[in-house]
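Below is one structure; the comments refer to it alone.
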2 protein chains.
Amino acid sequence: MPKLVDHQERREAIAHALWRVVDQHGWSRATLREVAREAGVSLGQLQHYFASRSAMLTFAMEFAADRTADRVERGLAALEDPPHPRDVLRVVLGEMLPLHPDARASSRMSAAYVLEALHDPALRERAGLGLRDGRATVERLVREAIARGQIAPDRDPDVETDLLLALTGFTPLLALGVVEPDAALAAVDQHLYRLFASA
Amino acid sequence: MPKLVDHQERREAIAHALWRVVDQHGWSRATLREVAREAGVSLGQLQHYFASRSAMLTFAMEFAADRTADRVERGLAALEDPPHPRDVLRVVLGEMLPLHPDARASSRMSAAYVLEALHDPALRERAGLGLRDGRATVERLVREAIARGQIAPDRDPDVETDLLLALTGFTPLLALGVVEPDAALAAVDQHLYRLFASA
């Protein structure tokens, strides 16, 4: 009797192959054909899992987002209970920056996805949803911290949320070695320190 | 007698064709062949100007950077003389964000270039140099403002420079409509206000 194929596992193996292609040859080489070759499956088999390049990219992006969420989860589990919102934000922002190999893969994937999304309405919709979810999470943390007197009450939660999200602007600076990981983390810490010192 | 071709003009026309291809079909479609078609020249003619895709991308990127520098120049010329460093930084950061069509084209070009640079050592070198130049300009402004007592003397110029550069993190948020232009500008203003209010 033939072994049942675990579809999720197969999809994840394909996502990994896509990451390797992007990592080694760049986004523009990430065609269905090239990814099938890297994953060691036929183009037909790959198309059984992903009908289009855009479906493959979306899965790979969401898989990357899930892995980032898992890393954040593990980081949060290591904090004291209940955690200080400043520490929560440090874990969230830290895992969004390309500071270690897994985060680098996710971050590169995400930058490529945003670029692709700019001229693909379906991807744009999904990418926008993901970012809006992330923004909502950060905004909730900021509003709770203001309500608890951990951030000054005259801080505008929308502005503070946007400034926190903008810290992901370290991504290209880190990727090209213009800013070192220690310096980026020190700057993020300084920003968080001032935000919470305002109370 | 045949008209002499203005080489710089021809190169710029090709750069514009590349931007249109990237804008309409995305970075991965920006091959020499596709750009030649869009520019209305033969592949051979295009290769006369650019020997490789990477040479074409580099020229288009530097052309975009020059246009950004021109816009910054015009913005600075409109400031009072001598300009306040806060206003200089607002002009520089404002022109780096995708807030109007020309800045959107440059910003998209630059994001794509960074991605391409990650696995192309020659592009990486150039992209890194460009970003380091930009960083040095911002750092000089910050150090001067500290020396003149416009920013508090206990602010670390390296950290402040990095935090200012990280504000370009609004780029993907603006591009995908997660943050509106007014909100991004308000957040940049708030950051600059606090930096200079520290003195």
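Per-residue answers, yes or no, for (1) in contact with a Pro (Cβ under 8 Å, 6 or more places away or on another chain); (2) within 13 Å of chain B (Cβ to nearest Cβ); (3) under 21 Å from A:LEU173 (Cβ atoms); (4) aromatic (Phe, Trp, Tyr):
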site	(1), (2), (3), (4)
A:SER28	no, yes, no, no
A:GLU34	no, yes, no, no
A:LEU46	no, no, no, no
A:ALA51	no, no, no, no
A:SER54	no, yes, no, no
A:LEU57	no, yes, no, no
A:ARG90	no, no, yes, no
A:LEU99	yes, no, yes, no
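Going residue by residue through segment B:5-12, is there one that turns out to be within 18 Å of B:SER110 (Cβ to Cβ), at pLDDT below 90 and under 23 Å from the mean Cα position of the chain (by Cα)? Yes. A:THR137 meets all of the listed conditions (1) among the polar types (S, T, N, Q); (2) more than 18 Å from B:VAL179 (Cβ to Cβ); (3) in contact (Cβ under 8 Å) with a residue 24 or more places away in the chain but one, namely (2).
Do we have any residue at all in segment B:89-106 that's over 28 Å from B:HIS16 (Cβ atoms) and in a helix (DSSP H, G or I)?
Within segment B:89-106 (the criterion being over 28 Å from B:HIS16 (Cβ atoms) and in a helix (DSSP H, G or I)), the answer is yes, since at least one residue qualifies.
Table: residues versus (1) more than 14 Å from the chain's Cα centre (by Cα); (2) among the charged types (D, E, K, R); (3) not assigned by TED's automatic domain parsing to the domain that holds A:TRP19.
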| residue | (1), (2), (3) |
| --- | --- |
| A:GLU62 | no, yes, yes |
| A:ARG67 | no, yes, yes |
| A:ARG71 | no, yes, yes |
| A:ARG74 | yes, yes, yes |
| A:ALA78 | yes, no, yes |
| A:ARG86 | yes, yes, yes |
| A:LEU89 | yes, no, yes |
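Within segment A:12-28, the residues that satisfy the criterion of being under 15 Å from B:HIS119 (Cα atoms) and not charged (D, E, K, R) are A:LEU18, A:TRP19, A:VAL21, A:VAL22, A:GLN24, A:HIS25, A:GLY26, A:TRP27, A:SER28. Are any residues in segment A:111-161 crowded, with 21+ Cβ neighbours inside 10 Å, assigned to a loop (DSSP other than H, G, I, E, B) and either in contact with a His (Cβ under 9 Å, 6 or more places away or on another chain) or of a type in the set (Val, Ile, Thr) (or both), and if so, which ones? Matches in segment A:111-161: A:ILE151 only. In the set B:LEU185, B:LEU173, B:LEU195, which member is within 11 Å of chain A (Cβ to nearest Cβ), surrounded by fewer than 20 Cβ atoms within 10 Å (Cβ to Cβ), at pLDDT 90 or above and outside any loop (DSSP other than H, G, I, E, B)? Residue meeting the stated conditions: B:LEU185.
If a residue must be closer than 28 Å to A:ALA111 by Cβ, surrounded by fewer than 18 Cβ atoms within 10 Å (Cβ to Cβ) and not aliphatic (A, V, I, L, M), how many such residues does segment B:39-58 contain?
3
Just one of the listed residues (B:ALA15, B:ALA77) is at pLDDT below 90 and either within 30 Å of B:ALA152 (Cα to Cα) or not polar (S, T, N, Q) (or both), namely B:ALA15. Being at pLDDT 95 or above, under 30 Å from A:SER52 (Cβ atoms) and more than 9 Å from chain B (Cβ to nearest Cβ) holds for only one residue in A:ALA122, A:ALA136, A:ALA147, and it is A:ALA136.
Of the residues making up segment B:57-69, none is outside any helix (DSSP H, G or I) and not hydrophobic (A, V, I, L, M, F, W, C).
The values are calculated or read from the model by the stated rules, or taken from the named source; none is laboratory data. Everything numeric here is computed off the predicted structure, so don't read it as measured data. Here the Cβ is made from the backbone with ideal geometry for all residues, glycine too, and neighbour counts use every protein chain on show.
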